[in-house]
Amino acid sequence: MSEWKGKTALVTGASYGIGEAFAEKLAAVGANLILTARSLDRLSTLANNLRARHGVEVTVIGADLGRPDAPAEIFRVTETKGLQVDLLINNAGFGAVGDFADLPLTRQLEIVQVNVNALVALSHLYLQPMIERRMGAIIQVASTASFQGVPYMTIYAATKAFVLGFSEGLWGECKEYGVRVLALCPGPTATHFQVVAGTAQLRNPQKMQTPEEVVEVGLRALENGRGVAVSGFSNRVMVAAERLVPRSLVTQAAARMFRPFSTRAKLSGQT
């Protein structure tokens, strides 16, 4: 991964989990960083630690990708500072567990804004100069949920399915320009995502990958020019197996796994 030494990577959602792990790994190999997230205090602390330990340049941009104007503002800041983004990592994203009809619509539209709209906007803004230079790379953090419908995480899975298809299309478009695009599809990972989405009680932490494991898979797959990478052997087996059985069975299995206790009580007639 020495190719990133002295280059600059922009990481969204860098204050926790996979985004933070990307920042740590890239700084360790000598990459300069642009870190963005809503948690400006956490970003600043992370940036100071990375500067002290690895001697790299770290720029912090506080931004809420739930706002439609945030991607353009991030791009404006990097352009104003003369920062060339060699690697864009669209990691920011979140989900929510519950019945689609019961979850607040504003919350679900915010998921679409962050997971899809902001990702598309940032990809478009930074891809153009990469194509002009005939050099650059984009990692889009998707999910194993990209390959199936997931009841009770319906919007999240749908947005990640978009990310997968979008990234595969870009991979095909950009190869001839020397720009690599990767859809990184982790399964359950021990991150802050579990708390935000409300899945913490639905998962056995021992079955989760670490963010560092996911990052390692992603950077190696990008290095090898792959368009899609599923992180973790068991996750790869699961994705392969899903293609061999009817989609309805896969969806029913996911429903049993993610059905909230409130929904179970409602279905059984309890109050």
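Given the criterion out of contact with any Gly (no Cβ under 7 Å at 6 or more places or on another chain) and over 23 Å from VAL179 (Cβ atoms), identify the matching residue among ASN48, ASN90.
Exactly one of ASN48, ASN90 is out of contact with any Gly (no Cβ under 7 Å at 6 or more places or on another chain) and over 23 Å from VAL179 (Cβ atoms), namely ASN48.
Output the qualifying pairs, or none if there are none: Cβ atoms under 6 angstrom, residues six or more apart or on different chains, first residue in the range 206-222 and within 15 Å of ALA23 (Cα to Cα) and of a type in the set (A, V, I, L, M, F, W, C), second residue modelled with pLDDT of 95 or more and crowded, with 20+ Cβ neighbours inside 10 Å.
Cβ pairs passing all conditions: VAL214/ILE18; VAL214/PRO186; VAL215/ALA21; VAL215/PHE22; VAL217/ALA229.
Checking the condition under 18 Å from the mean Cα position of the chain (by Cα), modelled with pLDDT of 95 or more and closer than 21 Å to ALA142 by Cβ, which residue from VAL97, VAL112 passes?
Result of the check over VAL97, VAL112: VAL112.
Suppose we filter GLU24, GLU20 for residues that are charged (D, E, K, R), surrounded by 24 or more Cβ atoms within 10 Å (Cβ to Cβ) and under 20 Å from GLU213 (Cβ atoms); which single one remains?
It is GLU20.
Test ILE89 against the criterion of being over 17 Å from ARG67 (Cβ atoms) and in a strand (DSSP E or B), and give yes or no.
yes
Does the range 156-174 contain at least one residue that is charged (D, E, K, R), modelled with pLDDT of 80 or more, surrounded by 18 or more Cβ atoms within 10 Å (Cβ to Cβ) and in contact with a Ser or Thr (Cβ under 7 Å, 6 or more places away or on another chain)?
Yes, some residue in the range 156-174 is charged (D, E, K, R), modelled with pLDDT of 80 or more, surrounded by 18 or more Cβ atoms within 10 Å (Cβ to Cβ) and in contact with a Ser or Thr (Cβ under 7 Å, 6 or more places away or on another chain).
Filter the range 34-61 for residues that are under 18 Å from the mean Cα position of the chain (by Cα) and of a type in the set (S, T, N, Q); which is nearest to LEU219 (Cα to Cα)?
Among residues in the range 34-61 that are under 18 Å from the mean Cα position of the chain (by Cα) and of a type in the set (S, T, N, Q), the one nearest to LEU219 (Cα to Cα) is THR36.
Looking only at the range 99-130, which residues are of a type in the set (S, T, N, Q), out of contact with any strand residue (DSSP E or B) (no Cβ under 9 Å at 6 or more places or on another chain) and either under 19 Å from LEU182 (Cα atoms) or in a loop (DSSP other than H, G, I, E, B) (or both)?
ASN115, ASN117, GLN128
Which residues, counting only those in the range 4-33, are more than 16 Å from the chain's Cα centre (by Cα) and outside any helix (DSSP H, G or I)?
If the condition is that a residue be more than 16 Å from the chain's Cα centre (by Cα) and outside any helix (DSSP H, G or I), then LYS5, GLY6, LYS7, THR8, VAL29, GLY30, ALA31, ASN32, LEU33 are the ones that fit.
Scan (1) hydroxyl-bearing (Ser, Thr, Tyr); (2) free of Cβ contacts under 8 Å to residues at least 24 places away in the same chain; (3) touching a Lys or Arg at 6+ places or on another chain (Cβ under 9 Å) for the single condition THR106 breaks and write down its number.
Going through (1) hydroxyl-bearing (Ser, Thr, Tyr); (2) free of Cβ contacts under 8 Å to residues at least 24 places away in the same chain; (3) touching a Lys or Arg at 6+ places or on another chain (Cβ under 9 Å) one by one, THR106 breaks only (3).
Which ones in the range 177-209 are of a type outside the set (Phe, Trp, Tyr) and at pLDDT 95 or above?
Within the range 177-209, GLY178, VAL179, ARG180, VAL181, LEU182, ALA183, LEU184, CYS185, PRO186 qualify.
Any idea which residue in the range 34-81 is nearest to LEU10 (Cα to Cα), counting only those that are among the small types (Gly, Ala, Ser) and free of Cβ contacts under 8 Å to residues at least 12 places away in the same chain? Let's see the steps before the verdict.
Initial filter on the range 34-81 (among the small types (Gly, Ala, Ser)): 37, 39, 44, 47, 52, 55, 62-63, 66, 70, 72.
Remaining after also requiring free of Cβ contacts under 8 Å to residues at least 12 places away in the same chain: 52, 55.
On the way: ALA52: 19, GLY55: 17 Å.
Top of the filtered list is GLY55.
Does at least one position in the range 131-140 carry a residue that is part of a helix (DSSP H, G or I), within 23 Å of THR8 (Cβ to Cβ) and among the hydrophobic types (A, V, I, L, M, F, W, C)?
yes
The values are calculated or read from the model by the stated rules, or taken from the named source; none is laboratory data. Just so it is clear, the model here is predicted, and its values are computed rather than measured. Ideal geometry is used to build each Cβ from the backbone, glycine not excepted, and the neighbour counts take in all protein chains shown.
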